[in-house]
Amino acid sequence: MSAPVALSSEPPKSAGLRALAATLVGGDGVYARRFDNLIMALIAVSLLSVGLETMSALPAWVKTVLRFEELVVVVMFSLEYLLRIIAADNKLAFVFSFYGFVDLLAIAPFFLTGLDTRFLRVLRILRVLRVLKLQRRVLETTVTERTRELAERNSALERAQAQLAEELNVARALQSAILPAAFPVRTGCDGTARMTPATTMGGDFYDFIELPDGRIGIVMADVSGKGVPAAFFMAVSRTSLREQAARYSDPGACLARTNEILCAQNPLDLFVTVFYGILDPVTGVLSYANGGHNPPLVARADGSIDALDGAGGLVLGVMPGVSYPAHSVQLRPDDRLVLYTDGVTEAFNPADEAYGVERLLAEIRTHRAGTTEALVERICSSVTDFAGAAPQSDDITLTALKWAPQ
Amino acid sequence: VKVSVERIEQVTIVIAEGRLDFGAAASFQLQVEQALAAAGKAPAALIIDSTGLEYVSSAGLRVFLLAARNAQRSGLGFAVCSLRQGVREVFELSGFSRVMTVHPDRATALAQLAVPPA
């Protein structure tokens, strides 16, 4: 471990020089800008003098000034060229690059005229190529400008995205906050519900409603689609359903009325599948109606599992004037009622297979005898295990109920 | 979902294949709308042939609903045909098979919708 420490504490001497060179040529610092402006001014002066020299009758003093000016220009350009080589990460690559040649050509005529005066005129004209040095300046300025603009736009986008994500998080939190945290406390029955929201905001919801007559309303529902529209429609559906549940003792009538309300305020043509049941904790009778939801399952004490009949009613929000027939089932002590959304049975694994009803039935059969909490827990972890690394595309919502009269 | 369109006289047939889930619903909707727009005026009709459709989510069902409504608004005939077992169950469970015409195969659908040229 000591070697790297020693290396970094004693940087090679050239690094300091290179850093100095880098602050003058390249970069966006104040020295680099000043140096750049100086070079720019010299390019302008030198181009002007190239033009002046083409005039024939120049006074002697002008010629002296021009010669002195050329000396200064070449010294500065040579210095710049050297600095650029020093500052370059890959020195050879710079020397052989386009601007490496341009920089060399800008000074070469001066040094070469000393060697052979025959090419003097040609070489002097080559100095016009110094105009190419301007191009670098323009390009560099443009690139710096674009980079800055891009960075600004990126950060604006990031801010907007962070805000959107934050708002979605709040919406999701609100969405799960309106779901009841626990089953109403009633002698003789208990229930557990759980919703695991998908990454994109989904539209599943469940509800337990304490009705005026002492019975308990049980809702399992799934809004078509995802995202903010689905979340809004879910909130409207849930509120309407709750309101109507207090007014109608018949589950079918409650769904029919809720359907009218949803059809009247449904600009996006969304719809919601709703299972609505009313459990009498005294008698164990569950009366229910089904608006297009997959039928809940009743696991009997003898190990058989029945799907509640009466499925196939139209989903809510599609068409007004639909009636929903009410059905009822007598729950027996030790029976378990399992309500779920298709996020359970249509959870996919990486091999693109669906979890399916059979796996759900097997889990219920195995864990039926325990508490409703344990049953929900087991089914959820079985779905999670099955899906593995596959992304969860839909909300996974599950409720288990038990009637156990005193 | 993969979509192709055929035309038999006045009947436009949209053939859907693959999985119609939330992610695919928007593009499927667009293609069905284009097919509807190109179908022409009554007594034209639109059939969505779902022989190759493996899966339909609730967002996918919505596209069928919108197509049926659209067709009805423009006075066109509309039917769905050749649903596979799993998809047919979704149609039955959601009550959709009661609000739109579902035929067991294309021939039946064509026989019901095709209006012989005058």
Between A:Thr283 and A:Thr142, what is the spin-label point distance in nm, taking each point 7 Å from the Cα along the Cα→C-beta axis? 8.5 nm
Any residue on another chain or 5+ positions along whose placed amide H is under 5 Å from the amide H of A:Gly203 is listed here as A:Val223, A:Asp395
How long are the semi-axes of the equivalent ellipsoid of chain A, defined as square roots of 5 times the Cα gyration tensor eigenvalues? Whole Å, largest first. 85, 25, 17
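To the nearest 20 Debye, how big is the dipole of chain A about its Cα centre, given +1 on the beta carbon of each Lys and Arg and -1 on that of each Asp and Glu?
On the way: 37 positive and 44 negative charges, 556 e Å.
For this selection, approximately 2680 debye.
How do A:Phe275, B:Phe28, A:Phe232 line up, fewest other C-beta atoms within 10 Å first?
Details: A:Phe275 29, B:Phe28 25, A:Phe232 16.
In increasing order of surrounding Cβ atoms, one gets A:Phe232, B:Phe28, A:Phe275.
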Computed label-point distance, nm, for sites B:Ala42 and A:Leu134 using a 7 Å Cα→Cβ extension: 7.3 nm
From the phi angles alone, apply the Karplus equation (6.51, -1.76, 1.60; θ = phi - 60°) to region A:386-397 and give each ³J(HN,Hα) in whole Hz, x where the residue is Gly or Pro. 4, 5, x, 7, 5, x, 7, 8, 9, 4, 10, 10
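Over its Cα atoms, what ratio of radius of gyration to 2.2 N^0.38 Å does region A:34-97 give?
Numbers: Rg = 15.0 Å, N = 64, 2.2 N^0.38 = 10.7 Å.
Dividing the Cα Rg of region A:34-97 by 2.2 N^0.38 Å gives 1.40.
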What is the gain in length, in nm to one decimal, between A:Asn349 and A:Ser381 on full extension, counting 0.36 nm per residue of separation less the C-alpha to C-alpha distance? 10.2 nm
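To make sure I understand, if each residue's beta carbon is the centre and we count other beta carbons within 10 Å, what order do A:Thr196, A:Thr64, A:Thr397 fall in, fewest to most?
Listed from fewest to most nearby Cβ atoms, that is A:Thr64, A:Thr196, A:Thr397.
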Binned Cα-Cα distance frequencies in region A:204-296 - 10 Å width, integer %: 17, 52, 25, 5, 0
Just to be sure I understand: of the beta bridges DSSP finds with both ends in the protein assembly as shown, what percent are antiparallel, rounded to 5? 75 percent
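Evaluate peptide B:15-25: per residue, the Cβ atoms of other protein chains within 10 Å of its Cβ; return the mean as an integer.
Numbers: counts 0, 0, 0, 0, 2, 0, 4, 10, 3, 0, 3.
Mean partner-chain Cβ count within 10 Å for B:15-25: 2.
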In Å, the Kirkwood hydrodynamic radius of chain B over pairs of distinct alpha carbons? 13.9 Å
For peptide A:310-316, compute the average count of partner chain beta-carbon atoms within 10 Å of each residue's beta-carbon. 5
Given backbone amide H placed at 1.01 Å from N, residues whose amide H is under 5 Å from that of B:Arg7, ignoring those fewer than 5 places away on the same chain, are B:Ile13
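Rounded to the nearest 0.05, what FRET efficiency do A:Arg242 and A:Asn37 have when you use their Cβ-Cβ distance and R0 = 60 Å?
Details: r = 72 Å, r/R0 = 1.21.
Step by step, r from the Cβ atoms, then E = 0.25.
Just the number: Rg to Rh for region A:221-362, Cα atoms, Kirkwood Rh, two decimals.
On the way: Rg = 16.0 Å, Rh = 16.1 Å.
Taking Rg over the Kirkwood Rh, I get 0.99.
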Per residue of B:50-61, what is the mean number of Cβ atoms on other protein chains within 10 angstrom of that residue's Cβ? 4
Hz values of 3J(HN,Hα) by residue in region A:258-267 - Karplus curve (6.51, -1.76, 1.60), Gly and Pro given as x: 4, 4, 4, 4, 5, 5, 6, 10, 9, x
Evaluate the relative contact order of chain A (contact order divided by residue number), counting alpha-carbon pairs under 8 angstrom at least 6 apart; express in whole percent. 13 percent
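Can you sort A:Val72, A:Val131 by how many other beta carbons sit within 10 Å, fewest first? Each step should come with its number before you reach the end.
Values: A:Val72 12, A:Val131 15.
The fewest-first ordering by Cβ neighbours comes to A:Val72, A:Val131.
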Only residues of region A:302-336 count here: report those whose backbone N is under 14 Å from the spot 7 Å along Cα→Cβ of A:Ala404, or say none. A:332-336
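Using Cα pairs closer than 8 Å and at least 6 residues apart in sequence, work out the relative contact order for region A:248-294, in percent.
Value for region A:248-294: 41 percent.
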Between A:Ser97 and A:Ala173, how many nm apart are label points set 7 Å from Cα along the C-beta direction? 5.0 nm
Please list, in order along region B:84-99, the HN-Hα scalar couplings obtained from phi with the Karplus expression 6.51 cos²θ - 1.76 cosθ + 1.60 (θ = phi - 60°), rounded to whole Hz, x for Gly and Pro. 6, 3, x, 5, 4, 4, 4, 5, 6, 4, 7, x, 5, 5, 9, 9
Radius of gyration, Dmax [region A:20-68; alpha carbons; angstrom]: 15.4, 44
Looking at the square roots a ≥ b ≥ c of the eigenvalues of the Cα gyration tensor of region A:282-406, which shape do they give, rounded for a/c under 1.5, prolate if a/b is larger than b/c, or oblate? oblate
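Every number in this text was worked out from the coordinates using simple rules, so none of it is lab data. Please read these numbers as outputs of a predicted model, since none were measured by experiment. FYI the Cβ positions are ideal-geometry reconstructions off the backbone, even for glycines, and counts take in every protein chain you see.
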